[in-house]
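Some notes on the structure that comes next.
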């Protein structure tokens with residue numbers, strides 16, 4: 001399990017186990033405690049040592065020992081019970097912090113054990129995020145989350161830029177071919193109109209033959225670009241695979257890998 005997921009799961013379990021009891025007390029117009037007044041107060045949680053109060057000024061935690069006698073009696077306050085609860089809560093918090101520290105130490109040991117182990121890593125995407133130590137955040141195959149890559153070759157970025165440019169051209173040509181088909185059908189079903197003027201510009205409607213030639217030219221161009229894209233996609237694994245090893249360091253929860261070169265020449 002990912003170390004960060006383990007951390008938050010542990011915190012969630014601790015919170016569920018140690019949350020004060022939920023209450024649904026009535027609204028108290030003015031609640032006084034330790035010289036402070038809280039208006040429209042409602043006690044929403046309580047335990048042997050303190051209560052959580054929702055009021056006009058927000059949410060506050062108040063010691064039972066500072067509340068009026070009727071509230072101390074209502075919630076069964078006693079100095080001994082409060083002290084025991086707080087001592088137990090402190091111990092639970094210490095155990096929780098220790099467990100988190102143990103998880104972090106284990107994770108760092110795991111990263112350190114991988115340091116220097118060179119392996120092939122296929123990069124699936126280079127994101128624009130460089131906020132973690134200045135290294136690019138990359139999506140890699142067979143990894144649960146992104147990795148930071150030091151010394152990432154320009155060839156990797158160039159591959160994805162070329163792929164994106166080809167895809168954009170395919171999208172543009174596909175729309176153009178659809179327009180050409182519409183124009184070809186219109187030309188085939190409309191009598192030629194010569195000498196028309198639109199906005200002071202003479203308009204000559206293409207003949208069916210002219211429209212067909214334009215359509216064929218754009219279709220040929222689209223096919224050519226699609227073939228180029230297909231050939232590029234077939235080279236993706238070779239051209240986006242690097243040799244790298246984890247350095248044992250992490251930034252923002254992402255492990256830092258050091259690239260030692262391309263797996264194959266592009």
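The values are calculated or read from the model by the stated rules, or taken from the named source; none is laboratory data. These figures come from a predicted structure and were not determined experimentally. All Cβ positions, glycine included, derive from the backbone under ideal geometry; neighbour counts span all protein chains shown.
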**Prompt:** What's the number of the condition residue 76 fails, among (1) at negative phi; (2) assigned to a loop (DSSP other than H, G, I, E, B)?
**Reply:** (1)
**Fill in**
residue 219 passes all but one of the listed conditions (1) part of a strand (DSSP E or B); (2) modelled with pLDDT of 90 or more; the exception is number (1)
**Request:** Working carefully through the options 63, 78, 32, find the one that is surrounded by 12 or more Cβ atoms within 10 Å (Cβ to Cβ) and under 43 Å from the mean Cα position of the chain (by Cα).
**Result:** 63
